[in-house]
Every structure is written in C-alpha cells, then in structure tokens.
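As structure tokens, the structure follows; a few thoughts come after it.
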Amino acid sequence: MSPASRVPPPRRSPRRTLLRLASVGLAAVAVLSSAALAGQASAAKGKLELGILDETLESNDSQTRTLAFDRTAAGGANIAVLYADWRGIAQSTPENPTDPSDPAYAWGQLDRAVVDATARGLRAMVVLYRAPDYAEGAHPPANVSEGTWRPSPAKLGEFATATATRYSGSFPNPATPGTSLPRVALWQVWAEPNIPRGLWPQSERRKGEWRHASPTRYRRMLDAAYKAIKGVSRSNTVITAGTAPFGDYVRRAKRIPPLRFWREVFCVRGKKLHKARCPGPRPRFDVLAHNTLPAQREPWADAMEIGGGPDDLTVPDMKKLQRLLRKARARKAIRSPRRTPLWATELLWVSDPPTRGGVSPGLQADYLADALYLLWRQRVSTVIWVKIVDPARGSRDFASGLHFNDWTAKPAFTAFRFPFVALRERGKLKVWGKAPAPGTVEIQRQDGGGWTTVTSLSTGASNIFTGNLPPGGGTFRAVSGAEASLSRSVG
C-alpha cells in the first residue's frame, strides 16, 4: 500500500447514503439492483472471511504485539497478514539461499508473529516482498524504492523455498527448543507490482517505443515463487500480489491500471491469447488478489466516478476481475482452480478524528459494512482491512484503525465483527450481514426507547444472513446472541 496508488483528486464528493442511492437506482450502485439481489437464498451460502493487515502485528514490543493480536482475534478476523521482508531478513548474501538455517537470515521478528497468530487461531498470510541488493538488477536509478529494481525471479524462488520450509510445520523453533514453528499455508507473492513502490521499472523503451515491463517481470517472479512454495507443500495456497487500484493511461506509464496489468500478465488481449508477447509458462496461482482502496470515497463509487479510467478498479469494479478470470481460464491462459477465489487484500477509510479530512468514525463504520456487502455480492471471498489500531500521534501513516491509538474501539470495530446493511430496493426492504457466530439472527426495529424483533433469519456455516423485511421504514439492527450490530436507518 502506498500513496502512489491513490487516484488524482476526484471530480466531485457527494455525501450520499447507500440507502438513498439504492432507492433511486443510480448506475453507481448497479450491484445493488434487483438482478444483483436475486437468488439470495443460494448467494447467502457464499463465505466471507476477514483479515487484518497492520505492522503492529510484527512489533518488536511484546506488549504492543500481544494487544494487536488479541484485538484482531476479538474482532472476528480469520487472517493476520504478515510481511516476510526479504531485504530485512537477508542481512547479507546467503551461501545456501534455500536453507532457512543459513546464518545470513534473521527470522526472529517473523517467527514471533507467526507463533502469536497461530496461538490465537488466526491463519498467518505471509507476503514475500522487497528484494535485497544481491537479488536486484544492476544500476538502479537513484530515486528507486529499495527492493523493487528488477528483482531476480530465480533468487525470489530460493527465498520462497527457505521461507516456506521454515514455516512448513516441522522446522524447529529456535526460541522454544523441542517444538516446531507453526505451519503457514497462505503465501502472497509481492505487493502492488503495477506501481513503482512495488516494482521498477513499470515501462521500458524497446525497439523505439515504450512498452509495459512490470507484467512480464511479475509473471516470471510469480512462476518462480509458485514452484518454490508448492515444492515445499502442494497444499500451500499461492496468492498473487494485490494490485494498486489506479494507473496511468499513457505510453510511458509510471503506474499500470490494474485490469490492464492482469490482462498482460495473463496474455489475454482482445479475442486471442497473445503467447508470442508472453514468453515462459502460463501464470499459476490459487487466488487472485487486488487492493480495493476507494481513495476516501463512498464504497459504491466505481473508479470512473472517482476520476479514474476503465481499467482502474475500486470496490464495485471487482466484477471486472471476475470476468477476466473467466476469460483467461476459457482461453487456457492461466493455470488456476476452476473457480479461482478473488480476494480484496487492502480496504480502508481514514477517520477524522484523528486525521483531518477523513470521514467521521460513524461513516467509516457504515462504509466498511457497505463495502463488505458489495464485495460479497461480487463473490469476493476474503477481505483484508488495513490497521487494527491508529498509528501514534504525529505519524504520517494511515489512521484507518478499528481502534484509536489509545486502543479505544471505534464504531468500525463493531462493523467489522458484525457487519449489517439495510436498504430499500423497488419498494422492498432488504437486509444483509455477517453474524459473529452461526445460528439465528433477530432483525429488530427501534420503537421509542426500545427494540422490537420483526423477523428472524438463519445463517449458514459462513455466518452470512440475508432476507426481506415487512414494509415500512425505521431504524434497524441485527442481534446474534448477546451481541448487536450497529443500527442502520431506512426512510
């Protein structure tokens, strides 16, 4: 994630609610149309797993790290995203780069985080990124981000072998003799390779014209890492890098629009498979990822509304990636599961307070719940929220935490643990949510100073519930056991 992945200033900033948009049926919320809401009974079976990405999870301060993991687990997350910073781990050139015991490697920080995540029932998702000097190309420009200049696919494969071996479930834990480090099954290969903060160069001059360079480089990196990770265990899950949401529409692109980037990685352009321009094996992966960062706009505003182009992707645009996946599989351009999962690996809204110009804490919570619903409707199966806690005062990092920096919970913490959405569509009042536990959920309407149950809905194993309510507006909430969601009003 980086500021470079943001879009230029938007054309407009309307403060509309999801309910008003749905009631007038604007194109911006086409995913909320009656067609999209059809077949709720079967769609409700689709799972939606949640995760947290926050550097606090890898803090060297044990008290801070413990609190971050405890709150992540309490929020109902399934996944903790951890970074295997290749540049930081490989403190010198290893003699045996595939051996995790090589003395050049320093694993302590990642070891602790993997142990802490597993102890709380969280699945660790390890991201491989940032090449050390010995694995980068020669003569990097002075202004290049460290670890991004033409990383060697072969050397990345070696590091992937060492990392997957260390967290295979049978490697000795040096901090606790007689025990093994936990197994990690989720592996993400790199971060935002379609912008300079992730991979350099994005474009190169070849035969007198500028062409995109990062898709070819990343295809080779992904292939090398896939072979290495699956070589340790075929049951490991290989996740592509999450692409940044916006790009440039010029020949000498500094950022490549994400949909265009994936078309070039997959070699799917027009009606044919352009294998001549895509040397090497077909891309192999288990999960396709994208970072659905909304540039502080409403979750239902697509990239074109915000000021981007047709190949940029925000929350409502994930269906475009689904179509590309289907097309790539039909043309045998990729080697992936028949129904390849699509994950949104970065989602956030900055709140005010503490950051001036952010959305209010209440609106942050509403946007979070609305975004989860919109992504679920597009068959996104996993969503990663950025930050469990706001950074320290004075930090320039994003204040998108589910807690303020004193660990006071924001409304967004409840919206993450128990998301609930109510909207009116063509005269019908509809609700959707994800309960903290499977079972029966009561939908209640506020009456005076109390709450009255209007209907009960069942969840499946996925904890998802959805259904219609009796006519009439009001303020509603969902209740599961002793827990209640945030309330939502429908006019």
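The values are calculated or read from the model by the stated rules, or taken from the named source; none is laboratory data. Quick caveat, the model's predicted, so the values are computed rather than measured. For neighbour counting, all protein chains shown are included, and Cβ atoms are generated from backbone atoms with ideal geometry for every residue, glycine included. Just the protein is used for accessible areas: all its heavy atoms, side chains included, with ligands, DNA and RNA removed. Shrake-Rupley method; radii C 1.70, N 1.55, O 1.52, S 1.80 Å.
Assorted remarks:
- Taking the stretch 333-491 and dividing mean pair separation by its residue count, relative contact order in percent (alpha carbons under 8 Å, at least six apart): 18 percent
- Cross-link pairs exceeding 22 Å in C-alpha to C-alpha distance, out of 320/428; 319/410; 207/254; 320/387; 155/254; 47/227, comprise 320/428; 319/410; 320/387; 155/254; 47/227.
- With each label modelled as a point 7 angstrom along the Cα→C-beta vector, the residue 475-residue 393 pair spans 3.2 nm.
- Remark: the residue 207-residue 233 segment gains 5.2 nm on full extension, using 0.36 nm per residue and subtracting the alpha carbon distance.
- At an R0 of 51 angstrom, the distance between the Cβ atoms of residue 133 and residue 484 translates into a FRET efficiency of 0.45.
- Centre separation in Å (Cα based) which lies between the stretch 453-483 and the stretch 334-370: 23 Å
- Counting only DSSP beta bridges with both residues in the chain, the antiparallel share comes to about 50 percent.
- Rel. contact order, % - alpha carbon contacts under 8 angstrom, at least six apart, the stretch 252-382: 29 percent
- Projected label distance in nm at residue 452 and residue 175, using a 7 Å step from Cα toward the beta-carbon: 5.5 nm
- For a paramagnetic label modelled on residue 254 (point 7 Å from Cα along Cα→Cβ), amide N atoms under 18 Å away belong, within the stretch 189-204, to 192-204.
- Per residue, the chain exposes 41 Å² of accessible surface when a 1.4 Å probe is rolled over the protein heavy atoms with every protein chain present.
- Taking Cα atoms only, the orientation of helix 214-232 departs from the longest principal axis of the chain by about 90 degrees.
- Averaged over residues, the count of other Cβ atoms within 10 Å places the peptides 403-413, 55-65 in the sequence 403-413, 55-65, highest first.
- With R₀ set to 25 Å, the beta-carbon distance separating residue 428 from residue 461 gives a calculated FRET efficiency near 0.40.
- Share of carbon and sulfur in the accessible heavy-atom surface of the chain [1.4 Å probe, %]: 50 percent
- Fully extending the segment from residue 440 to residue 70, taken as 0.36 nm per residue of separation minus the present Cα-Cα distance, adds 130.6 nm.
- The chain - mean residue ellipticity at 222 nm from DSSP helices (-39,500 (n - 2.57) per run, n ≥ 4, rounded to 500): -7500 deg cm²/dmol
- Note, ³J(HN,Hα) from phi for the stretch 104-109, Karplus 6.51, -1.76, 1.60, rounded to Hz, x at Gly and Pro: 6, 8, 10, 9, x, 4
- Cα gyration tensor category, rounded, prolate or oblate, for the stretch 331-444 with a/c compared to 1.5: oblate
- The C-alpha atoms of the chain define a longest principal axis, and helix 62-74 lies at about 50 degrees to it.
- Where the alpha-carbon atoms of the stretch 246-364 are placed on the principal axes, they occupy 52, 33, 20 Å, in descending order.
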